[in-house]
Amino acid sequence: MASRFDVIVIGGGPAGYVAAIRCAQLGMNTACVDAWRDRQGRSVLGGTCLNSGCIPSKALLESSEIYEQAQGAFALHGVRCSGVELDLKAMMARKDSIVSSLTRGIAGLFKAHKITWVTGRARLLPQKRVEVRGHGESGYGQMIDAENIILAPGSVPVEMGVAPLDGRLIVDSAGALEFQEVPPRLGIIGAGVVGLELGSVWRRLGSKVVLLEAQPALLTMTDTQIASEALRLFTAQGLDIRLGTRLVGCQVVGDQVEMTYQDQDGDHRETVDKLVVAVGRRPNTRDLFAPETELLLDEWGVIHIDEHCRTNIPGVYAIGDAIRGPMLAHKGSEEGVMVAERIAGQQSSVNYETVPSVIYTLPEIAWVGKNEQALRAAGIDCRVGVFPFSASGRALALGNTSGMVKVIADAATDRILGVHMIGPHCSELVAEAVIAMQFSASSEDLAMTMFAHPTLSEALHEAALAVDNRAIHIARSRRH
Ligand code: NAI
């Protein structure tokens, strides 16, 4: 293997592997170093997203939803099912095969693009050199260097001193994707994105799920109107979300975990069969570089970068979860493309105003841009249009009428400042809002656009019309 490259990418997750592919497309001799190994000990690309995050969780969300529907919702369509049984082993095997087909796909893309895949743990040294410690090796044996280095080390779950992971009863999000049996009682610390998605999976499969959330409100980063609808719907589904609670103690007793938590009424005890810690993620920057490298980080381990992802070291870039901004795969991928193109001399940039967020519960929650409370707090005068899915013919036909679409526009210019939704297939619908905002659309632009009937996206059209109080399929509101 060569030891000198045009670009070395450290990390083969959605930020790093996309950066590597784009660099190769642009004619650069590229290497990508990644330490991930699957349960069989094989080196795999794709990072957290493909191996223990986005993809396996979506596979289980889909399967568990079908299982739950077969038990009840199918009957509403006149489809009677009897003897519905859960085959968790088959469900898990399906998830694993989706993961391995995708990770093999990335390896195939690397091969096709002649990207050198270096397996092992990389550490950045001065003068843009990288040392690599292979699996099973005690020290860093291999040395490579490049004109440009892209750091894409990703993130790891935040651990809690009060609930140390034991890999058996107390696990992180990755462990919660590998349960071999449905835990009768499941505790989750943190009702954030991971807590709600994994809580939904196991509730549908039969667990009694308790979520302990420190904040007094659910999903504080989300538009409050959407978040309160989410709390109402998830509670009705059976998720036991306890807000304003703090885990203060945790004891493993036999095959159970005894949690002690506090809320405004004092101390409480709850016993569960498994406990998932889902209180956020932190940048995976420990041991990423030798101290003499002088890479600048903040006290949380977040790598300092400028608007084009340049670190304080010339020729060294950082992208994805290890830098500022939301820890989202698609944001990291776009940064990877930008950095590759900038190295090639192009003037690319990322539009951070239009990063979509999605929570893959049922109903799904999705948004782009600013929410109403943030705009009001900033003193920005805005107009709001809301359209409920209960008035959508397609949502009725689908049998899923929960939720709404909300469009927020600047009162003076009518430019769309944010779109927030909770409802069926919102993970797909939000793309329409992202495109509109990417092209600086006004709510009138959306209102003047023709949408196919009957589709769920008509709810976005109607919400845009509602900004001007002229939605067709709901009575006019006086909220202007
Ligand atoms: P999160 O930040 O979404 O949620 C963590 C929750 O834990 C917060 O609500 C927080 O208030 C709560 N919390 C923190 N400390 C606590 C304590 N001591 N006791 C009780 N509650 C506590 O982080 P999460 O869910 O772990 O996800 C990690 C990252 O991964 C996020 O940045 C998320 O965006 C990303 N992710 C994205 C997904 C998606 O796009 N659909 C899916 C899963 C993860």
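Read-outs throughout are calculated quantities, based only on the coordinates presented, and are distinct from any laboratory measurement. Predicted, not measured: the structure shown is a model, and the values here were computed from it. Methodologically, a virtual Cβ is constructed for each residue, glycine included, from the backbone with ideal geometry; neighbour enumeration extends over all protein chains shown.
At-a-glance table
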| quantity | calculated |
| --- | --- |
| Set of lysines near Lys406 by C-alpha distance (under 19 Å), chain-local residues within fewer than 8 positions excluded | Lys370 |
| Candidate aspartates and glutamates for bridging to Lys331, where Cα separation is under 16 Å - those fewer than 8 sequence places away on the same chain excluded | Asp306, Glu307, Asp321, Glu341, Glu353 |
| Stretch gain in nm, segment Asp298-Arg286, where the contour uses 0.36 nm per residue and the Cα spacing is subtracted | 3.1 nm |
| Vicinal HN-Hα couplings computed from phi for segment 44-49 (Karplus, 6.51 cos²θ - 1.76 cosθ + 1.60; Hz; Gly/Pro x) | 9, 8, x, x, 4, 3 |
| Fraction of beta bridges assigned by DSSP in the chain that are antiparallel (%, nearest 5) | 60 |
| Cys382 long-range amide H proximity, modeled H, under 5 Å | Ala411 |
| For the chain, calculated [θ]222 nm from helices alone, where every DSSP H run of n ≥ 4 adds -39500 (n - 2.57) | -9000 deg cm²/dmol |
| Length-normalised contact order for segment 368-480 - Cα pairs under 8 Å, 6+ apart - percent | 30 |
| For segment 425-430, Karplus couplings with θ = phi - 60° (6.51, -1.76, 1.60), whole Hz, Gly/Pro x | 6, 5, 4, 8, 4, 4 |
| Centre separation in Å (Cα based) which lies between segment 204-229 and segment 341-376 | 21 |
| For segment 445-462, Karplus couplings with θ = phi - 60° (6.51, -1.76, 1.60), whole Hz, Gly/Pro x | 4, 5, 4, 8, 8, 8, 10, 5, 10, x, 9, 5, 5, 4, 5, 5, 4, 5 |
| Segment 49-154: Lys pairs at Cα distance under 28 angstrom, eight or more positions apart or on different chains | 6 |
| Sequence-distant residues sharing a close amide H with Arg281 (under 5 Å, placed H) | Val158 |
| For peptides 105-114, 261-270, sequence by mean Cβ density within 10 Å, most packed first | 105-114, 261-270 |
| Nonlocal amide H pairs with Val355, under 5 Å, H built at 1.01 Å | Gly369 |
| Centre separation in Å (Cα based) which lies between segment 54-105 and segment 134-182 | 27 |
| Using a Förster distance of 60 Å, the FRET efficiency for Gln347-Ser82 (Cβ separation, nearest 0.05) | 0.45 |
| Neighbourhood charge, 15 Å Cβ-Cβ cut-off, centred on Ala70 and excluding it, Lys, Arg +1 and Asp, Glu -1 | -3 |
| Beta bridge orientation in segment 170-279: antiparallel %, DSSP, nearest 5 | 50 |
| Average Cα contact separation per residue, the chain, under 8 Å, 6 or more apart, as relative contact order % | 14 |
